[in-house]
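Here is the structure we will look at.
The values are calculated or read from the model by the stated rules, or taken from the named source; none is laboratory data. This structure is a prediction, so every number in the text was calculated from the model and none was measured. In this analysis, Cβ positions are derived from the backbone assuming ideal geometry, glycine residues included, and neighbour counts consider all displayed protein chains.
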Amino acid sequence: MKSEGREKAVVIGGGIVGVSTAWHLLRRGADVTLIDRDEPGRGCSFGNAGAVSFGSVTPLAMPGVLRDGLRMLFDPAAPLRIPLHYLPKAAPWLRRFVRASRPEEVKRLAGALSSVLGHAMERHVDLMGQVGAPELIQRRGQLHLYPDEASLGKDKMSWALRAEHGLRIERLKRGDILALEPEIGADYSVGIFTPDQGMSINPYRQVAAIVADFARRGGRIVRDRVAAIEVADQRVRAVRGEIASYDCDHAVVCAGAWSAQLLAPLGYDIPLESQRGYHVMIASPGVQISRPVIAADRKVFLSPMEEGLRVAGTVEFGGLERKPSRRRAEFLMQDVARVFPRAQLPNDWSFWMGHRPCLPDSLPVLGPSRHQGLWFNFGHGHLGLTMSATTSEMLARAVCGEPSNVDLAPFSADRF
Ligand SMILES: Cc1cc2nc3c(=O)[nH]c(=O)nc-3n(C[C@H](O)[C@H](O)[C@H](O)COP(=O)(O)OP(=O)(O)OC[C@H]3O[C@@H](n4cnc5c(N)ncnc54)[C@H](O)[C@@H]3O)c2cc1C
């Protein structure tokens with residue numbers, strides 16, 4: 001099975017997580033095939049907000065999430081939407097989500113998240129330097145906006161935890177906000193600035209740049225839909241696609257929101273949900289910003305991308321098959337008008353929807369599995385771009401038997 005003594009690895013999924021994992025495996029000497037059913041980078045990694053938020057160590061489920069969630073359920077414009085018909089399907093996931101919001105659990109999860117988020121900025125800078133596209137990662141901080149002190153107060157625990165884990169935070173008044181971003185509308189009077197965080201100015205081009213370098217260095221890219229992972233005697237033998245079968249010593253599942261369905265036939269029951277998110281691109285908004293601006297009350301990111309202003313956000317349950325909803329994107333356009341009253345909004349606009357791969361405890365599934373040679377790196381939720389630079393290297397190290405000081409136990413698939 002080995003080619004010229006090199007371990008054969010197949011990486012399933014060409015999003016930012018899969019391509020980074022494939023790249024790190026190749027650099028460690030493995031013979032690597034990257035398989036995607038589509039062109040790499042066309043999944044969730046295509047349209048995210050680009051924020052490299054290494055300080056976001058707080059899980060999504062925080063104390064009070066049940067109360068806030070119930071309130072949002074009955075507000076059609078709320079950043080969270082669960083269609084009524086989907087509630088029974090989502091209920092087991094939601095129960096786990098609420099359980100993860102207990103204060104002591106939040107502290108534990110923040111510690112685990114910190115171990116995969118820390119140094120993400122440096123890792124992105126390093127990787128993009130090595131693949132020849134250093135310009136894609138920029139560090140000009142992130143600006144979080146709140147209408148008033150009361151709304152900032154609701155996130156008090158979250159900011160305290162982030163600071164506890166080392167994130168540098170500056171409290172801003174209206175004047176400080178305008179000094180950073182003069183176009184911010186009057187609805188926002190307080191803010192938090194995190195000067196050390198950064199962004200990718202084109203997440204799709206980031207994937208493409210890593211893939212191009214992977215190919216240049218001898219990695220193989222295959223377009224095929226993976227139908228099954230073949231095992232015998234508790235060991236991976238091959239990855240079977242619709243077009244061909246790929247023998248391997250190691251198979252790494254990086255199929256984002258589709259990972260759990262690939263693993264179910266092997267007996268893994270992983271509560272992975274898609275949290276569908278949307279973006280709208282405005283090529284000429286008529287306002288200029290220098291960094292991601294986050295309207296924290298609306299949970300919306302406004303990011304200055306290479307190709308214009310991207311407004312991204314919304315959490316919508318509904319699974320992998322349901323069609324995107326234009327209504328969700330319309331709310332994003334309203335958010336732009338609120339944050340940037342002077343923005344010129346086009347009448348004719350299109351939108352994009354992507355599937356965030358979410359586990360109820362906000363941790364990815366990362367590391368070895370119950371089958372020898374089968375590895376997992378998926379479920380990065382709202383922070384997959386950020387974490388990809390760290391989890392891909394950790395996974396590659398684990399596959400290649402290199403020592404690591406990060407404990408992968410909290411990320412095991414067996415935690416559910
Ligand atoms: C609106 C929005 C904003 C976001 N903003 C941010 C942000 O600012 N910062 C941040 O860090 N994260 C952000 N995220 C989250 C981030 O985009 C995701 O966590 C990340 O892209 C997940 O990457 P992935 O590689 O796991 O999945 P994907 O990019 O979805 O890749 C999975 C790949 O697997 C392939 N695949 C699936 N099944 C098969 C199969 N059977 N055979 C072959 N191929 C298969 C798919 O074609 C796809 O290419 C955002 C997400 C959304 C939706």
Which listed residue is among the hydrophobic types (A, V, I, L, M, F, W, C), over 18 Å from the mean Cα position of the chain (by Cα) and buried (at least 16 other Cβ atoms within 10 Å of the Cβ), from LEU167, LEU113, LEU117, LEU136: LEU167
Test set (1) free of Cβ contacts under 8 Å to residues at least 40 places away in the same chain; (2) crowded, with 18+ Cβ neighbours inside 10 Å; (3) under 30 Å from LEU263 (Cβ atoms) - ILE177 fails condition number: (3)
Pairs where the first residue, in the range 29-47, is β-branched (Val, Ile, Thr) and the second is near the ligand (Cβ under 8 Å from one of its atoms) and in a loop (DSSP other than H, G, I, E, B), C-beta under 6 Å, 6+ apart: ILE35/ASP224
Considering residues of the range 180-223 that are of a type in the set (Ser, Thr, Tyr) and within 23 Å of the chain's Cα centre (by Cα) only, the residue surrounded by the most Cβ atoms within 10 Å (Cβ to Cβ): SER200
Only one of VAL207, VAL236, VAL211 that is of a type outside the set (Asp, Glu) and either within 30 Å of PRO147 (Cβ to Cβ) or in a strand (DSSP E or B) (or both): VAL236
Answer residue from the range 2-57, given it is more than 6 Å from the ligand (Cβ to nearest atom) and at positive phi and is modelled with the lowest pLDDT among those: GLU4
Residue within the range 160-170 that is of a type in the set (Gly, Ala, Ser) and in a helix (DSSP H, G or I) present: yes
Tally of residues being assigned to a loop (DSSP other than H, G, I, E, B) and either within 16 Å of the ligand (Cβ to nearest atom) or buried (at least 22 other Cβ atoms within 10 Å of the Cβ) (or both) across the range 394-416: 0
Selection status of VAL311, touching a residue at least 40 places away in the same chain (Cβ under 8 Å) and of a type in the set (Val, Ile, Thr): no
Residue that is closer than 30 Å to LEU332 by Cα and either touching a residue at least 60 places away in the same chain (Cβ under 8 Å) or within 12 Å of the ligand (Cβ to nearest atom) (or both), where the choices are ALA209, ALA227, ALA251: ALA209
Residue within the range 4-23 that is part of a loop (DSSP other than H, G, I, E, B) and out of contact with any Cys (no Cβ under 9 Å at 6 or more places or on another chain) present: yes
Any hit, the range 301-317, residues being surrounded by 18 or more Cβ atoms within 10 Å (Cβ to Cβ), at pLDDT 95 or above, away from the ligand (no atom under 12 Å from the Cβ) and more than 16 Å from PRO79 (Cβ to Cβ): yes
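Residue under question is ALA296, and the condition is that it be of a type in the set (Gly, Ala, Ser), surrounded by 19 or more Cβ atoms within 10 Å (Cβ to Cβ) and over 22 Å from ARG174 (Cβ atoms); does it hold?
Details: of a type in the set (Gly, Ala, Ser): yes; surrounded by 19 or more Cβ atoms within 10 Å (Cβ to Cβ): yes; over 22 Å from ARG174 (Cβ atoms): no.
Answer is no for this residue.
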Given (1) over 30 Å from ASP187 (Cα atoms); (2) surrounded by fewer than 19 Cβ atoms within 10 Å (Cβ to Cβ), index of the condition ASP155 fails: (1)
Residue within the range 67-85 that is surrounded by 15 or more Cβ atoms within 10 Å (Cβ to Cβ), touching a helix residue (DSSP H, G or I) at 6+ places or on another chain (Cβ under 7 Å) and in a helix (DSSP H, G or I) present: no
Out of VAL236, VAL231, VAL222, VAL211, sole residue that is β-branched (Val, Ile, Thr) and in contact with a Leu (Cβ under 6 Å, 6 or more places away or on another chain): VAL236
